[in-house]
Amino acid sequence: MAADSCSWFSALAVGVSLLKCFFISAYRSTDFEVHRNWLAITHSLPVSRWYYENTSEWTLDYPPLFAWFEFGLSQVARSFDANMLQVENLNYASPATVLFQRLSVIVTDVVFIYAARECCRCVREPKGSRDILSQPSFVLAVLLLWNFGLLLVDHIHFQYNGFLFGFLLLSVAKHLQSQHLQGALLFAFLLNLKHIYLYVAPAYGVYLLRSYCFTQDNKDGSIRWSSFSLLRLLALGAIVTSVCALSFGPFIAMGQLPQVLSRLFPFKRGLCHAYWAPNIWALYNVLDKTLAVIGVRLKLLKEAELPLASMTGGLVQEFEHSVLPSVTPTVTLVCTLLSILPAAASIWLRPCGARGFLRCLLLCALGSFMFGWHVHEKAILIAILPLSILAVENREDAGIFLILTTTGHYSLFPLLFTPAELPFKVVLMLMFSIFSFTALRKLHSAQGFLLHPLEVIYLLGLVAVAIACEVVFPLSPWQQRLPFLPLLVTSVYCAMGVCYAFLRLYASLLLQREDKPKLL
Amino acid sequence: MQTWSLVSICVLLSIIARWGVSLNSYSGAGKPPMFGDYEAQRHWQEVTYNLPIQEWYFNTTNNDLNYWGLDYPPLTAYHSWICAYLAKTINPEWVELHKSRGYESTQHKLFMRTTVLVADLLIYIPAVVLYCLYLTDGSSKKKVSVMFCFLLYPGLILIDYGHFQYNGVSLGFALWGILALGLGWDVLGSMAFSLALNYKQMELYHALPFFCYLLGKCIKTGLMGRGLFLLVRVGVTVLATFALCWLPFLAEPSQAMQVVRRIFPVARGLFEDKVANTWCSLNTLIKIRSILPGDSQLYLSLACTLLAVLPSCIRLLTKPTFWHFKLALVNSSLAFFLFSFQVHEKSILLAALPACLLLNDLPLMALWFLQASTFSMLPLFLKDGLLVPYIVTSLGFLFFSIYLLSALDHCSEDKLRLGAYNKLFYWVLKMDLAFIVRWKFYISIAAMVGLSIAAAVLIAPLHLPDLFPVLISTTAFLHFLGTFIHFNVIQFSEPPSRKSQKKSN
C-alpha cells in the first residue's frame, strides 16, 4: 500500500462515495419529499413567497441560506427532470429525480470530506512511523468519513447533514489551527443553514469571547481584563452580523421576519418525537408510565382518572404525564441551560485551548440533546462526529466515544424499518463498530483497556436488544398488541448509555488535570 | 489492526455491495410473457415443488419445457426445491402450480435476493476468504487486499444480484475444489468440483485442468504405486458424488438420457445474441451460420476448442504445480468461451473466477481482463436496467484493485512476466515492454469507458440497430483473445522462482 497520506485519504473518500451510490435505489423517508418540495418552492416562487408557501405540508422550515442552497441545487435539477420543480407535483419521485437528489447529497458531501481532511491534519501524530492502519489520522478519517450515522441518515433516510457537518467540522478544525475568524465565519454560515446548531452556539460564544477577545491570561490562568481587544470583538461582530444580514436581511426588509421565525421554531410539537430520542425525557416518560401502572395495581390511582396518554402512539402532539408533573418547553429550556452552564463556566474560568472548547461544544450538544424540547434522535450526531477527534487522541475519550457511538448509532435503527434495508443497517453498524473498537484499542493499546467490564456488558446487552427487537419481536404475538414496545425498549436502553456518556464527558471536563499540554 | 477485523470489514463491505446491487431491477422485470432469468428460477421452484421428480425434466401437461424448462443438472433442481419449500412457508402463492407464472412482488423479490445472498454466504464467500488467507503469498495486509478485490469483482455481483442467477454456488464449489487441491486434499477437491459440475454443466470449462492436474500428480508420484492409489481414490470419489447427485434419475435409463439431452442443447445453434467469442466476432466478416450446416458447426467448434485447450493442458500434465493449475484454469475456460458451441455472454464468469486467483501474482493482467469481462456483459446490464450499479461497481473495482494491489506502480517487465516475449521477438528487445503494456492498458480502459458511455447515452442509427452491442462484443473479444494468448505464453515460460515471488510482495 502506498504510504503517502494523500493517497490513503483519497482512497477512503472515493471508497465511501462509491459506497453511498449503492443506496441510490434504497428506501427513502418523507424527508426526500420535503427536500424536493423545497427545491420546487425556491425554484418556481419569488423570494417573498418562500416562507408563506404551504401547498405541501412540508413547508420550508430551515433558515434562508439553506433555501438559497436549495435554489442553487434546483438550477442543476432542471437538467435532470424539470417536473420535480413544480410545487403542485406532490410526492413526485421519477428515477431522474431520485438520482438527482441522491447525487446531490453525495456531491455536496465534498464539503464534509474536505473538513475531515482538515481535522486529520490537526491530529497529534505520535513519533515514529507506524503502520498506516494504526495512525491516529487514518483512524480519525475512517471514523468521520465512514460514520454509520451519517451514512444512514443522509444516504438512506435522506438529509443533507454531511454538507452541514462539513461546515461544523471545518470551523472546529479552523479553531484547532488558531484561525478563529475563519472558524467564526464558517459557524455563522452554518447557523444560517440550519438553526439546530444553535445548540452549540454557547460554546462558540464563550470560547471566542474568552480566548480570542482576551489576548492574554494571568500567570495562574485567570482572565486578564486589561488584555481585552475591542478590535477583535468588532471583527467577530462584523462577521456574524454580516452573515446574518445576508441571510435574514431580505426578509427583514420585506417585513417577513415574524413569519420566518414562526416557521423556524414550531413549538406546537410535543416533548418527544414520535420515536423518543434516547434522552432524559425518555427515561422520565418510562418512569411516569411505570409509576402509573404500579399506582393502578396498588389501587392508589384510578385508571379512569388517568389521561389517555398514548405516548408512543406515533403522534407528534402534546400529552400529559399521568403521575409526574408535565414538562413544558420552558422547563426544558431551563434544564438545557443549566446543563450547559458548568461547561461554559469551565472554559471561561480555565480555558484549555481549542480542545477545551471542543469538549465544551460536545457538552453543549449533548446537554441540549439530553434536555431539549422535541429532540430528534439524529441530533446525537452533533456530539458523535466532533467527539471522534478527541477519541483518537485520548484514551479516556476513546472509551466514552465507544459507548456514545454504539448506543447513539443503535438508537438510529428505528429510522429504517423496511425489511429490504435491514441488511444495510446491521452490516454498516457492524462494520463501523468492529473498526472503531479494534482501531481505537490498537491506538491506545499502551494504556490498558478502554472499557470497564460493566460497560462491556452493557454494550453486549445492546446485541440482545437488537436481536429481540429486530428478529424475535416481529415473530411474536405481542407484535399486534404492543407495536411500539421495541421502540420504547430501544430508546430507554440507549438513553442509559447516552446519559452515562454525558456524565463521564462532564467529569472529564471538570476534573481536567492542570498538567494537560495546552496546545494551539 | 488484527487480520480478523480487516477480513470481517472487507466481507461486510462486499455484502453491502451485493445487497446494494440487489435493490435494483432484475432480468425481465415486468416483461411478460417470457420475463427473464428471475422468472426462470422462480418457475423451477414451482416445478420442483409441485411435480414428482420423474417429471422435472420431461415435457408433460404440467411441465411446459418451452417455458423456462429446467436445463441445469440435478443439484440446481434440488436447490430450487429447497428454496421452494421456504417460499411455500412464507407465501404459498409464490410457487403455486400454473397460477404463479410470472409472479412478481416486492416481497418475492426480497425473498429471491435473500436466497442468493444466503447461498453466497454459505459457499462462495468462505471459499474466497480461505483461498486468500491460505493460498496467496505476502503479508496479511496484502492477503486482505487481494481478498477485497476478489470479493468485489463486479461481473459476478451484477449477474447474481442484478440480473439474477446463482453462479456463486457453482463457482463457489469450484473454488472449494481449487482450494482443496491447493492445500493437498485431492479427494475433497475432486468431490467439491463434482458438486460444481452437478450444479452447472458450464463448469466443464474447468474440468480439463482439474483432470490434468490430478492425473499429472498421479503420474509424478508413480503410476504403479501411490499414484495409482490416488487415482483410484479420486475416481471413486467422483463417481460416487455423481451417482449420489443423479440417484433419483438412475432408476430408468430414459430419465438420465432426458436430463443429459436437456443439459446439452446441441440443437440451438453456434451462438445466440451478441457474445464476445470467436464465432460471433467472425460473424461480422463471414456468416458461418449460413455457410455451414448445424452438424459441421458443432464439429468445427469442438475441434477448435480442443485445439485451443490442448497446449495448456499438456503443459499442466507434465508440470502439475499449483501455479500451472491456476494458469491452465484461465486458459481452458477462455478457450471454451472463445471457441465452443452455444456460449452465453455470462459464461465469461467461468474464466473470471480463475483470473481472480491470479490477482496477487499478475495484478495488472488479471484486473485488466476482469474489467473487460464485466464490460463484455454491458448490453445485458443495459437491458436489465443495471447501468448505475454497473458504473459504481466497475469504478470501485478498478480503483481499489489498482490502488490496493499497486498494479500500476510496479509494472516492470519482470513483474509482468514479459520475459518470454523478449525471447520470442528478439527485435523488440530494445523497447520498454512494460511501458507499452501500461499505455495499452490506459487506451483499452479509455475505449471501454467511451463505449460504455456511447452505449448508454447514444441511440444507434436505424440501419445498424446492433451497432453498440457488436462494437462492445468485438472489443471484449479482442481483449479476451489477447489475454488467452498472453496467459498461454506465461504458462510456457519459466515459472516464477520462489525468490522473485517473495521479492514482489
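No lab work stands behind these numbers, since they all come straight from the coordinates. None of these values were measured; they are calculated from a predicted model. Reconstructed Cβ throughout: ideal geometry from the backbone, glycine too, with neighbour counts over all protein chains shown.
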Inter-probe distance in nm under a simple model that places probes 7 Å from Cα toward Cβ, at residue A:228 and residue B:383: 7.9
Computed E for residue B:88/residue B:481 - FRET, C-beta separation, R0 30 angstrom, nearest 0.05: 0.05
Spin-label zone in segment B:247-268 - amide nitrogen under 19 Å from a point set 7 Å from the Cα of residue B:344 along the C-beta vector: B:259-268
Pull out the extension gain between residue A:7 and residue A:47, defined as 0.36 nm times the separation in residues minus the alpha carbon to alpha carbon distance; nm, one decimal. 10.0 nm
What value, in deg cm²/dmol to 500, does the helix sum -39500 (n - 2.57) over DSSP H runs of n ≥ 4 give at 222 nm once divided by the residues of the protein assembly as shown? -20500 deg cm²/dmol
Between residue B:453 and residue A:345, with labels modelled 7 Å along Cα→Cβ, what's the label distance in nm to one decimal, could you check? 6.3
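Cα-Cα over 19 Å: which of B:217/B:326; B:383/B:440; A:378/B:109; A:20/A:425; A:20/B:141; B:88/B:109? Spell out each step's value before the answer.
Values: B:217/B:326 15 Å; B:383/B:440 30 Å; A:378/B:109 31 Å; A:20/A:425 13 Å; A:20/B:141 25 Å; B:88/B:109 15 Å.
Table pairs above 19 Å Cα-Cα are B:383/B:440; A:378/B:109; A:20/B:141.
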By Cβ neighbour count within 10 Å, fewest first, A:30, B:475 rank A:30, B:475
Can you return the aspartates and glutamates within cross-link range of residue A:289? Criterion is Cα-Cα under 13 Å, with same-chain partners fewer than 8 residues away left out. A:303, A:320
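Counting only C-alpha contacts under 8 Å and six or more residues apart, can you give the relative contact order of chain B as a whole percent? Numbers along the way, then the final one.
Numbers: 635 pairs, mean separation 86.2, N = 505.
Rounded, it is 17 percent for chain B.
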Computed lengthening from residue A:510 to residue A:94, 0.36 nm per intervening residue step minus Cα-Cα distance: 144.4 nm
What does the charge count near residue B:206 come to, summing +1 for each Lys or Arg and -1 for each Asp or Glu among other residues with Cβ under 13 Å from its Cβ? +1
Proximal aspartates and glutamates relative to residue B:274, as straight alpha-carbon distance under 19 Å, when same-chain residues fewer than 8 apart are discounted: B:37, B:345, B:384, B:466
Within 10 Å of each Cβ of B:400-409, how many other protein chain Cβ atoms are there on average? 2
Cα centroid separation, segment B:263-285 to segment A:135-201 (Å): 56
Exposure proxy ranking, count of Cβ atoms within 10 Å, fewest first, for A:390, B:121: B:121, A:390
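Work out how much length residue A:31 to residue A:242 would gain on full extension: take 0.36 nm times their residue separation and subtract the Cα-Cα distance, in nm to one decimal.
Numbers: separation 211, 0.36 × 211 = 75.96 nm, distance 3.06 nm.
In short, 72.9 nm is gained.
Quick one: net charge of residue B:5's neighbours, Cβ under 15 Å, K/R +1, D/E -1?
On the way: positive: A:441, A:442, B:141, B:143; negative: A:131.
Result for the local shell: +3.
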Pair residue A:217, residue B:221: separation of 7 Å Cα→Cβ label points (nm): 7.5
Calculated FRET value between residue B:97 and residue B:240, using beta carbons and R₀ = 25 Å, to 0.05: 0.15
In Hz, Karplus ³J(HN,Hα) per residue of segment A:180-197 (6.51, -1.76, 1.60; θ = phi - 60°; x = Gly, Pro): 5, 5, 4, x, 5, 4, 4, 5, 4, 4, 4, 4, 7, 8, 8, 7, 4, 6
Taking Cα pairs closer than 8 Å and at least 6 residues apart, the relative contact order of chain A in percent is 17
Diffing segment A:467-481: the Karplus 3J(HN,Hα) column from phi (6.51, -1.76, 1.60, θ = phi - 60°), in whole Hz with x for Gly and Pro, holds 5, 4, 7, 8, 10, 5, 4, x, 8, 8, x, 6, 3, 6, 6
Extend 7 Å from the Cα of residue A:324 along its Cα-to-C-beta direction; within segment A:453-493, residues with backbone N under 19 Å of that point are A:485, A:487-493
Residue A:375 long-range amide H proximity, modeled H, under 5 Å: A:273
Global form of segment B:204-355, assessed from the alpha-carbon gyration tensor, a/c cut-off 1.5: oblate
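Mind giving me the FRET efficiency for residue B:292 and residue B:247? R0 is 45 Å, r the Cβ-Cβ distance, nearest 0.05 is fine.
Working: r = 40 Å, r/R0 = 0.89.
Efficiency, rounded to the nearest 0.05: 0.65.
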